[in-house]
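Scroll down for the structure; my scribbles are underneath it.
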Amino acid sequence: MTLEEKASLCSGGTMWTTKPIDRLGLPSITLTDGPHGVRMADPNSGLNGLNASLPATCFPTAPALAATWNLDLIREVGEALGQESQTHGVQILLGPGANLKRSPLGGRNFEYYSEDPLLSGSLAAAWIKGVQSKGVGASLKHFAANNQEWERMAGDSIVGPTALHEIYLRSFEIPVRLASPWTIMCAYNKVNGEFASQNKTLLTDILRDDWGYEGIVLSDWGAVDDRVKGVEAGLNLEMPSSGGYNDRKIVAAVQAGELEESILDQIVTDMVAITLQAHAGIPKDATFDEAAHHALARRVAAEGAVLLKNENATLPLSEKRDRSIAIIGEFAKRPRYQGAGSSQVNPTQLDNAFAELTDMLGSDLSLTFAQGYDWEGATTPEQLHEAEQVARVADHAIVFIGLPDSYESEGFDRASLELPEGHNQLVESVAAVSKRTTVLLMNGSPVAMPWIDQVDAIVEAYLGGQAGGGAIADILTGAVNPSGKLAETFPQRIEETPTYPNFPGRDRTVLYGEGVFIGYRHYDAKRLEPLFPFGHGLSYTTFELSELELSGKDIEADAGLELKVTVKNTGSREGAEVVQVYVGENDPEAPRPVRELKAFKKVFLKPGESQTVSLQLYRDAFEQYDAEREEWIVRSGEYTISVGRSSRDLPLESTVSVDGGKLPLPPLTPMSTFAEVERHPTGKPIYDNFIAQMQGDQPKLEDLNLSPDDYAAAKKARETMLVFLREIPLQKLVMLSQGAFTEEAMQGIIQAINSAESDSFSD
Ligand code: BGC
């Protein structure tokens, strides 16, 4: 390849394709969004597909997928998406989104799974495995710390090392290690001062060197800042085309000796490999079964619906009790079913709940409808009056509300937790006159529910995709027993959320000041009562968890731990429960979350059936990132294992003593303190000697003939001095001791201790 040809592979040829090299027979590849459907540009639209795309199945959006907690099902969705990609000639599908939900106001939360890295990462891995099983590549996005829309192309996410590794990167590390995505899309934002698109720490040191990633990294559309730096950092492909602008810069940098050609060669070798791989897997005449995919979308949407509240068995609808039903709200006929922006799919068909319910309930029940509000969420006295009229005479009023398109979208964050005022007014008016009220929510992220105590049942249906209407009918009628569990916390008030008032940031800086305390980790640490906790979701049947057994009470971290727990369906309907396992260190050295999700399993049970499920905890269930050592460690000590059905409903608990092995002490530097010198076995005598010498230079208090009070004060002052001294970095003492502690003495101490490092361990 010529230098120009190599550079040409470093950026796209069009909005959705890479450049071919005809001379060498290297074809181009087609990439398209992602993530809940294939948004293949309509070649006749002339608009790059932004507004017009070919029909494809619109699957439920990420929060609904996540609420299934069902990895096999998500893999099935991935397979279906892979098949549709094949059919449309797409080689790379731009998804899944593995960014975490740092604030419920994140404008793109409907494209992301969860506030928890294990759940998010596991779901992303299942999705990728499904798509890639069809010979189509995934693009895990947006790497990394891209958790808001405000100033998304310019903001700098300032994340401390512990939160970065344990939370934000973990959600990517899991799918990278488990599912090897063909591509990873870097984020628009800066991470700790450097654009993600040219961040060598992220793209090379962590992604490739630490995690062993072998695929390519492409830029989010327009995320490139300095293309040459990007090549050096490990960014293979700039998307979309920059019209040759950056290719010329790469050529010039190599010619000027500013960019080593060997680095470019590696970037290009990866590009050639992915192109060949992409073309190896695509059958020419692929098709997909629209009806089967629609049915799958319905099954997933039903499994992803979360029954938040259900007083007095208000749901499911009862043939005897609910003879007349009032369906209220525009969304029942014209659903909100996906989010706005690059993920928008042109569905093959679109269900609405009103029509589906009419079909399912048959003609001997009376079903009435009132619109309640307009598409933007505003209501009028006439609309409220009409709604009250139908609700008053019905046995059961079901109010469909949620967030209109204009409230949540890619490109901007939500202004508040509130639903449109018209929706709240509608619920309150209906609840005041109706015998029983169910609220059906369609939204991509948590909302405030000021009317929560006035209604009997609440179903969170999320943005359920094209078959969401049928799925809602399945849930309301009881054809499907709800088993969805929240993958995110619903807060009471925005002021109680982890990022308040730091979200979305200012001056182009986003401070992740809450550290690792995101989502339930925050509510648990602060003992705040959320509206609905992470992991919550009711069923039409009941479950009992019992007999928690651990394979050991005293274990070595490397050996891990097996858990057994018995789940029984104690009600009268078939249903599914998600067994959730949380782990917390009892006496952490530095603040850690009270407990963190470390394993989960969804169990399907017939009435009366019980099953003993086994869950495995590995070393990483106990690990924490140690910023000083720049590695993962396990601190030896007691850990609490809690098992239950939500982060706040944990009926089973046990403790285990974990041996994390010896921890090598971090090497000393001139900024190490005397306290750190003392921690080292080799440092202890040096420290003692130093203190003794310092004390020896001082007159003994006993010799000073002090009054008892003065003696006590002087003693205290010397002790305080010692406390101060222990916290002074060695290098500072060189300056402050006026020659008593020399630079040479300091270097001597550091060298003596560091050379004996391999023998130095902390407890
Ligand atoms: C979005 C990506 C998307 C890309 C291509 C960007 O604006 O952030 O998620 O894949 O556009 O549409």
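Here are the numbers:
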{"quantity": "Number of the condition not met by ILE749 [criteria: (1) under 14 Å from THR673 (Cα atoms); (2) at pLDDT below 85]", "calculated": "(2)"}
{"quantity": "Test: ARG635 is of a type in the set (Lys, Arg) and touching a Gly at 6+ places or on another chain (Cβ under 6 Å)", "calculated": "yes"}
{"quantity": "Where TYR687 falls short, out of the listed (1) assigned to a strand (DSSP E or B); (2) of a type in the set (Ser, Thr, Tyr); (3) buried (at least 18 other Cβ atoms within 10 Å of the Cβ)", "calculated": "(1)"}
{"quantity": "Restricting the range 1-16 to residues that are within 14 Å of the ligand (Cβ to nearest atom) and either of a type in the set (Lys, Arg) or surrounded by fewer than 19 Cβ atoms within 10 Å (Cβ to Cβ) (or both), the residue that is farthest from ASP247 (Cα to Cα)", "calculated": "MET15"}
{"quantity": "Answer from GLU418, GLU376, GLU386 - the residue that is assigned to a helix (DSSP H, G or I), acidic (Asp, Glu) and open to solvent by 40 Å² or more (accessible area, probe 1.4 Å)", "calculated": "GLU386"}
{"quantity": "Residue satisfying condition, being over 27 Å from PRO27 (Cα atoms) and at pLDDT below 95, within set GLU319, GLU290", "calculated": "GLU319"}
{"quantity": "Some residue of the range 115-137 being outside the structural domain of SER343 (by TED's automatic domain parsing), modelled with pLDDT of 95 or more, within 16 Å of the ligand (Cβ to nearest atom) and of a type in the set (D, E, K, R)", "calculated": "no"}
{"quantity": "Tally, over the range 275-313, of residues that are surrounded by 22 or more Cβ atoms within 10 Å (Cβ to Cβ) and either farther than 27 Å from PHE59 by Cα or of a type in the set (Phe, Trp, Tyr) (or both)", "calculated": "0"}
{"quantity": "Which listed residue is part of a loop (DSSP other than H, G, I, E, B), modelled with pLDDT under 95 and away from the ligand (no atom under 16 Å from the Cβ), from PRO43, PRO60", "calculated": "PRO43"}
{"quantity": "Where TRP69 falls short, out of the listed (1) assigned to a helix (DSSP H, G or I); (2) away from the ligand (no atom under 15 Å from the Cβ)", "calculated": "(1)"}
{"quantity": "Number of the condition not met by ASN424 [criteria: (1) open to solvent by less than 20 Å² (accessible area, probe 1.4 Å); (2) closer than 15 Å to ALA332 by Cβ; (3) part of a helix (DSSP H, G or I)]", "calculated": "(2)"}
{"quantity": "VAL734 being in contact with an Asp or Glu (Cβ under 7 Å, 6 or more places away or on another chain), part of a helix (DSSP H, G or I) and among the β-branched types (Val, Ile, Thr)", "calculated": "yes"}
{"quantity": "Complete set of residues in the range 332-343 that are closer than 19 Å to GLY470 by Cβ and either within 28 Å of the chain's Cα centre (by Cα) or within 16 Å of the ligand (Cβ to nearest atom) (or both)", "calculated": "PRO335, ARG336, TYR337, GLN338"}
{"quantity": "Filtered residues of the range 567-598 (kept if open to solvent by less than 20 Å² (accessible area, probe 1.4 Å), touching a residue at least 60 places away in the same chain (Cβ under 8 Å) and part of a strand (DSSP E or B))", "calculated": "GLY575, ALA576, GLU577, VAL578, VAL579, GLN580, VAL581, TYR582, GLU596, LEU597"}
{"quantity": "Qualifying residue in the range 603-614 (condition: in a loop (DSSP other than H, G, I, E, B), in contact (Cβ under 8 Å) with a residue 40 or more places away in the chain, more than 21 Å from the chain's Cα centre (by Cα) and closer than 14 Å to GLU166 by Cβ)", "calculated": "no"}
{"quantity": "Test: LYS190 is modelled with pLDDT of 95 or more and more than 24 Å from TRP632 (Cα to Cα)", "calculated": "yes"}
{"quantity": "Only one of LEU486, LEU476 that is assigned to a helix (DSSP H, G or I), open to solvent by less than 30 Å² (accessible area, probe 1.4 Å) and closer than 28 Å to THR570 by Cβ", "calculated": "LEU476"}
{"quantity": "Neighbours by Cβ (under 7 Å, 6+ apart or cross-chain): first from the range 234-262, in a helix (DSSP H, G or I); second among the polar types (S, T, N, Q) and away from the ligand (no atom under 16 Å from the Cβ)", "calculated": "ASP247/SER8"}
{"quantity": "Condition met for PRO96 (buried (at least 24 other Cβ atoms within 10 Å of the Cβ) and within 16 Å of the ligand (Cβ to nearest atom))", "calculated": "yes"}
{"quantity": "Which numbered condition PRO501 misses (of (1) open to solvent by 50 Å² or more (accessible area, probe 1.4 Å); (2) assigned by TED's automatic domain parsing to the domain that holds LYS435; (3) at pLDDT 95 or above)", "calculated": "(3)"}
{"quantity": "Any hit, the range 531-551, residues being out of contact with any Phe, Trp or Tyr (no Cβ under 7 Å at 6 or more places or on another chain), closer than 17 Å to GLU577 by Cβ, open to solvent by 40 Å² or more (accessible area, probe 1.4 Å) and charged (D, E, K, R)", "calculated": "yes"}
{"quantity": "Strands (runs of 3 or more DSSP E) enclosed by the range 119-232 - at least 1 residues per element that are open to solvent by 10 Å² or more (accessible area, probe 1.4 Å), in contact (Cβ under 8 Å) with a residue 24 or more places away in the chain and not β-branched (Val, Ile, Thr)", "calculated": "156-158"}
{"quantity": "Of all residues in the range 78-93 being of a type in the set (Gly, Ala, Ser) and out of contact with any His (no Cβ under 7 Å at 6 or more places or on another chain), the one that is most open to solvent (accessible area, probe 1.4 Å)", "calculated": "GLY89"}
{"quantity": "Filter pass, ARG102 being open to solvent by less than 10 Å² (accessible area, probe 1.4 Å), within 16 Å of the ligand (Cβ to nearest atom) and in a loop (DSSP other than H, G, I, E, B)", "calculated": "no"}
{"quantity": "Residues satisfying the stated conditions in the range 389-415, i.e. of a type outside the set (Val, Ile, Thr), more than 16 Å from the ligand (Cβ to nearest atom), part of a strand (DSSP E or B) and within 30 Å of GLU495 (Cα to Cα)", "calculated": "PHE400, GLY402"}
{"quantity": "Yes/no for GLY465 being of a type in the set (Gly, Ala, Ser) and within 22 Å of the chain's Cα centre (by Cα)", "calculated": "yes"}
{"quantity": "Pair list, Cβ < 6 Å and 6+ apart or interchain, from the range 329-353 residues that are farther than 25 Å from GLU428 by Cβ to residues that are of a type in the set (Phe, Trp, Tyr)", "calculated": "GLY339/PHE110"}
{"quantity": "Inter-residue pairs, beta-carbon under 8 Å, first over 16 Å from ASP116 (Cβ atoms) and in the range 631-649, second assigned to a strand (DSSP E or B) and basic (Lys, Arg), 6+ apart", "calculated": "none"}
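Here is a yes/no grid of residues against (1) surrounded by 10 or more Cβ atoms within 10 Å (Cβ to Cβ); (2) of a type in the set (Val, Ile, Thr):
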position	(1), (2)
ILE691	yes, yes
ASP697	no, no
ALA714	yes, no
ILE728	yes, yes
ALA745	yes, no
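The values are calculated or read from the model by the stated rules, or taken from the named source; none is laboratory data. These numbers come from a predicted model, not from an experiment. Positions of Cβ are backbone-derived with ideal geometry, glycine not excepted, and every protein chain shown enters the neighbour counts. Only protein heavy atoms, including side chains, enter the accessible area calculation; ligands, DNA and RNA are left aside. Shrake-Rupley method; radii C 1.70, N 1.55, O 1.52, S 1.80 Å.
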